[in-house]
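Engineer: What follows is a single structure, and I will ask about it in a moment.
The values are calculated or read from the model by the stated rules, or taken from the named source; none is laboratory data. Just so you know, these numbers come straight off a predicted model, no measurement behind them. FYI the Cβ positions are ideal-geometry reconstructions off the backbone, even for glycines, and counts take in every protein chain you see.
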Ligand code: BG6
């Protein structure tokens, strides 16, 4: 299906190979925090690209809601400038598509607890229904600092903007991460959400789930026959999940110094990867069948006892060093970071899943900033061969490894042993490598595009259900508590640009090099 402007096709030919038949109902999308960084860098470009690709319905509107002062026209101009800067070359704001998009943009400047402003928002949405054909459907996107989420949710209820009887159309809410800062605050936030929106209307975003290679984990497992028979404790030796970044905390020191790597990455992104790689085959492809299996596998992970935390975890904080040959400063010197900070910028944990499939198989999870390379991947290492008949005595026969590469490379690689050509029977490890870009000849759409599009269509598959969020908090809480209550006097304990702290190799000597 193709979007049109004045009867003419509006689909961009560069993305023409991608699926475009996922148009949602007409609707209004309200972005709380529309003057913030996430909106201009990710959310707005995602909306515009959805429009360019013909995935937005023809009848839509976007309402920005934030404290900064803009008139509607100034907001349109602001959006154009941001799109000029942040959108991909195939989705620049120009021509008939931009003109149509711009006329569907408007803005409300207010404090987030200003009751009257929500009345004005309700009126604006009704006007949009009448003038822009949005049919009473509303998607609210919370992209403000998390401390404002409860205020906004309560105000939406006060203004009758939550789902309720007699309402025309649907109302859904997207909640940005982090969903809480620990188990108690997550539960508190959930109580607020639950008072106002039913679970079927709540879309908890974890942008990792919108990445194509993450979605492919399930396809790899359940659209092939060869992996499933060996996907268990009989054949798998260990699983390592890595989310490594070269970036430091940039300008987010204020937030990050109160969060740390365990909260920022492991509790959500990495835990979701674990759930996808370890879950049982779902009965079907619908959102609840999949989300139930994800929650089930997390429920089979016992949170560690406090006394066991030192043996199953490792933490680190970056010192000065070099990234791509350029000197960078230590974490404690970053803006808005406490110069004596005890916050970890690297976290590694070892978890086990207590069920028939995985009993005894260690899952190693690690994530860190200012590491040697940006790389996110899941590596499944299989057991060694049971009996050796091949290879000269000096040859090491390495076990098979299946690597799901999430970023920056997107693909799947398999390590296996092969005979080196020649008269001797030397054995060496080689890789079979599949790459999405070359394999399919198209670029993966950015995660936010997929996720916003899905929320507009009412597909919750790629959003995290409350029971899974809660369990992920339960699993990390003992580690968080121990780390918060005990200062690590070795910090900073890894140089920027390195493979991370030595303690992580003590936890697991088998980490794949970044
Ligand atoms: C965010 C974290 O959720 O994910 C950031 O808050 C991190 O600290 C980012 O940098 C990583 O996302 P990506 O898509 O760049 O791997």
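Engineer: What pairs come up if the first residue lies in the stretch 246-272 and is farther than 16 Å from residue 205 by Cβ, the second is near the ligand (Cβ under 8 Å from one of its atoms) and part of a loop (DSSP other than H, G, I, E, B), and their beta carbons are under 6 Å apart, counting only those six or more places apart or on different chains?
Structural biologist: Final answer for the pair search is 246/374; 248/369; 256/249.
Engineer: Out of (1) closer than 30 Å to residue 391 by Cβ; (2) in a loop (DSSP other than H, G, I, E, B), the odd one out for residue 429 is which?
Structural biologist: Failing condition for residue 429: (2).
Engineer: Sticking with this structure for a sec: Return yes when residue 154 is surrounded by 19 or more Cβ atoms within 10 Å (Cβ to Cβ) and more than 16 Å from the ligand (Cβ to nearest atom) and no when it is not.
Structural biologist: Values: surrounded by 19 or more Cβ atoms within 10 Å (Cβ to Cβ): no; more than 16 Å from the ligand (Cβ to nearest atom): yes.
It is false that residue 154 is surrounded by 19 or more Cβ atoms within 10 Å (Cβ to Cβ) and more than 16 Å from the ligand (Cβ to nearest atom).
Engineer: Residue 315 versus (1) surrounded by 15 or more Cβ atoms within 10 Å (Cβ to Cβ); (2) not in a strand (DSSP E or B): which is the lone unmet condition?
Structural biologist: Failed condition: (2).
Engineer: Also, I was wondering about something else. Every residue in the stretch 402-426 that is under 39 Å from the mean Cα position of the chain (by Cα), within 20 Å of residue 389 (Cβ to Cβ) and touching a residue at least 24 places away in the same chain (Cβ under 8 Å), please.
Structural biologist: Applying the first criterion (under 39 Å from the mean Cα position of the chain (by Cα)) to the stretch 402-426 yields 402-418.
Going one step further and asking which of them are within 20 Å of residue 389 (Cβ to Cβ), we end up with 415-418.
Once the filter is applied, which keeps residues that are under 39 Å from the mean Cα position of the chain (by Cα), within 20 Å of residue 389 (Cβ to Cβ) and touching a residue at least 24 places away in the same chain (Cβ under 8 Å), the stretch 402-426 yields only 417.
Engineer: For the stretch 381-401, check the following and say yes or no: at least one residue is within 16 Å of the ligand (Cβ to nearest atom), over 21 Å from residue 218 (Cα atoms) and either within 27 Å of the chain's Cα centre (by Cα) or modelled with pLDDT of 95 or more (or both).
Structural biologist: Of all residues in the stretch 381-401, those within 16 Å of the ligand (Cβ to nearest atom) come to none.
No, that holds for no residue.
Engineer: Checking the structure you have, find out if any residue of the stretch 216-238 is within 22 Å of residue 407 (Cα to Cα) and within 12 Å of the ligand (Cβ to nearest atom).
Structural biologist: Taking every residue of the stretch 216-238 in turn, none turns out to be within 22 Å of residue 407 (Cα to Cα) and within 12 Å of the ligand (Cβ to nearest atom).
Engineer: Another question, then. Taking the stretch 466-512 on its own, how many of its residues are touching a residue at least 24 places away in the same chain (Cβ under 8 Å), over 19 Å from residue 257 (Cβ atoms) and assigned to a loop (DSSP other than H, G, I, E, B)?
Structural biologist: Residues meeting the conditions: 7.
Engineer: Kindly evaluate residue 35 against the criterion of being in a strand (DSSP E or B) and either buried (at least 20 other Cβ atoms within 10 Å of the Cβ) or modelled with pLDDT of 50 or more (or both). Spell out the reasoning first.
Structural biologist: Details: in a strand (DSSP E or B): no; either buried (at least 20 other Cβ atoms within 10 Å of the Cβ) or modelled with pLDDT of 50 or more (or both): yes.
Against the criterion (in a strand (DSSP E or B) and either buried (at least 20 other Cβ atoms within 10 Å of the Cβ) or modelled with pLDDT of 50 or more (or both)), residue 35 does not qualify.
Engineer: Across the stretch 247-259, what is the total count of residues that are more than 10 Å from the ligand (Cβ to nearest atom) and either surrounded by 22 or more Cβ atoms within 10 Å (Cβ to Cβ) or part of a loop (DSSP other than H, G, I, E, B) (or both)?
Structural biologist: Residues that pass the stated criteria total 3.
Engineer: Something else about it: What about residue 303, is it away from the ligand (no atom under 12 Å from the Cβ), assigned to a loop (DSSP other than H, G, I, E, B) and at pLDDT 95 or above?
Structural biologist: So residue 303 fits the description; yes.
Engineer: To continue, here is another question. Residues that are in contact with a helix residue (DSSP H, G or I) (Cβ under 9 Å, 6 or more places away or on another chain), farther than 30 Å from residue 309 by Cβ and away from the ligand (no atom under 16 Å from the Cβ): does the stretch 269-282 have at least one?
Structural biologist: yes
Engineer: Tally the residues that are assigned to a strand (DSSP E or B) and under 24 Å from the mean Cα position of the chain (by Cα), restricting the search to the stretch 324-366.
Structural biologist: The number of residues fulfilling the criteria is 13.
Engineer: Residue 357 versus (1) farther than 22 Å from residue 471 by Cβ; (2) buried (at least 16 other Cβ atoms within 10 Å of the Cβ): which is the lone unmet condition?
Structural biologist: So residue 357 meets the others, but not (1).
Engineer: Under the condition of being surrounded by 13 or more Cβ atoms within 10 Å (Cβ to Cβ) and closer than 21 Å to residue 242 by Cα, which residue from the stretch 427-439 is farthest from the chain's Cα centre (by Cα)?
Structural biologist: Among residues in the stretch 427-439 that are surrounded by 13 or more Cβ atoms within 10 Å (Cβ to Cβ) and closer than 21 Å to residue 242 by Cα, the one farthest from the chain's Cα centre (by Cα) is 433.
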